[in-house]
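Engineer: Below: one structure in structure tokens.
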Amino acid sequence: MLRTIKLGETDRIVTILAHGHGKVRAVAKGVRKPGSRFGARLEPTVHLLFQCYRGRELDVVTQVETIDANRALREHYGGLTHAISMLEAVDQVAPEREPIPALYRMLVGALRTLAATPSPIVSTGFFWKLLSLEGLHPVVDACVHCDAADDLVAFDAHEGGALCASCARYGGRSIRPETLEALRRILGGDLRSVLAVPPDAATLGELERLALGALESHLERRLRSAALL
């Protein structure tokens, strides 16, 4: 489940990322009534099986079964805020009715990991991997302008990667060597080890700011949930 919107007195419009159907928007009728048979299951972060009746404008939810409630996320404020930011990002990039299995698997895995290890590095790593999935894999081993491999001191989201000291005179945000190394490990598929030995607060904060900046640059809009991070 990505998000819900109230509709009328008792209904909700739910947005769900489905493995074989992409992003689906549907009406859950009577879900806000006391005693609704699947109201509590249709909540953001819940991993579920669902069935819909195809409508003219919106589908109608007819059956729901919980796979994983990810209850730990809703019991931990920090975990929930980072989960919501991932859901919002996916909602923005996922086209309706167009399956993207890799995105589905990545989101399910990230929510599961965040529930078990409520660390901001999970959402930060998710943002960077989401950019890569969108075809915007950042250049982090050399200067994106001149290909120099040494003295990388800045990162430019618009240009798509790191900048050397010479090219950084024309733009970009400064980046610490520790941050650049952590980013290389995340993008190289080594997020597990970064989670096992988290970077210091300064490195983590810089990783998160750069990830949000790059993602918002790609989306051409602000993430509303970013204010909670």
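The values are calculated or read from the model by the stated rules, or taken from the named source; none is laboratory data. All figures in this text were calculated on a predicted structure; none of them were measured in a lab. Neighbour counts run over all protein chains shown; Cβ positions are idealised from the backbone, glycine included.
Engineer: Give just the number: which of (1) part of a helix (DSSP H, G or I); (2) under 22 Å from Glu208 (Cβ atoms) does Arg105 not satisfy?
Structural biologist: Result: Arg105 passes all but (2).
Engineer: Look through the stretch 32-86, keep the residues that are at pLDDT below 90 and in contact with a strand residue (DSSP E or B) (Cβ under 7 Å, 6 or more places away or on another chain), and return whichever of them is farthest from Gly109 (Cα to Cα).
Structural biologist: Per the stated criteria, the residue is Leu58.
Engineer: Pull up the stretch 1-29, narrow it to residues that are among the β-branched types (Val, Ile, Thr) and not in a loop (DSSP other than H, G, I, E, B), then point me to the one that is farthest from Ala89 (Cα to Cα).
Structural biologist: Selected residue: Val27.
Engineer: Also: Just one of the numbered conditions (1) surrounded by fewer than 18 Cβ atoms within 10 Å (Cβ to Cβ); (2) of a type in the set (Lys, Arg); (3) outside the structural domain of Leu7 (by TED's automatic domain parsing) is not true of Lys129; which one?
Structural biologist: Just one mismatch for Lys129, condition (1).
Engineer: Name the one entry in Arg192, Arg221 that is part of a loop (DSSP other than H, G, I, E, B) and under 28 Å from Leu2 (Cα atoms).
Structural biologist: Matching residue, one of Arg192, Arg221: Arg221.
Engineer: Tell me yes or no: at least one residue of the stretch 94-103 is of a type in the set (Lys, Arg) and closer than 30 Å to Arg74 by Cβ.
Structural biologist: Within the stretch 94-103, one or more residues are of a type in the set (Lys, Arg) and closer than 30 Å to Arg74 by Cβ.
Engineer: Would you please name the residue that is farthest from the chain's Cα centre (by Cα), looking only at residues in the stretch 30-65 that are of a type in the set (Phe, Trp, Tyr) and not in a loop (DSSP other than H, G, I, E, B)?
Structural biologist: In this case the residue turns out to be Tyr53.
Engineer: Related question: Count, please, the residues in the stretch 163-195 that happen to be aliphatic (A, V, I, L, M) and in contact with a Phe, Trp or Tyr (Cβ under 8 Å, 6 or more places away or on another chain).
Structural biologist: 6
Engineer: Another one. Restricting the first residue to the stretch 178-200 and requiring it to be in contact (Cβ under 8 Å) with a residue 40 or more places away in the chain and over 19 Å from Ala142 (Cβ atoms), which pairs with a second residue that is surrounded by 17 or more Cβ atoms within 10 Å (Cβ to Cβ) and of a type in the set (S, T, N, Q) meet a Cβ separation below 7 Å and a spacing of at least six or different chains?
Structural biologist: Cβ pairs passing all conditions: Leu195/Ser119; Pro198/Ser119.
Engineer: Find the residue count for the stretch 197-213, including only residues that are of a type in the set (A, V, I, L, M, F, W, C) and in contact with a strand residue (DSSP E or B) (Cβ under 8 Å, 6 or more places away or on another chain).
Structural biologist: Going through the stretch 197-213 one residue at a time, the tally reaches 1.
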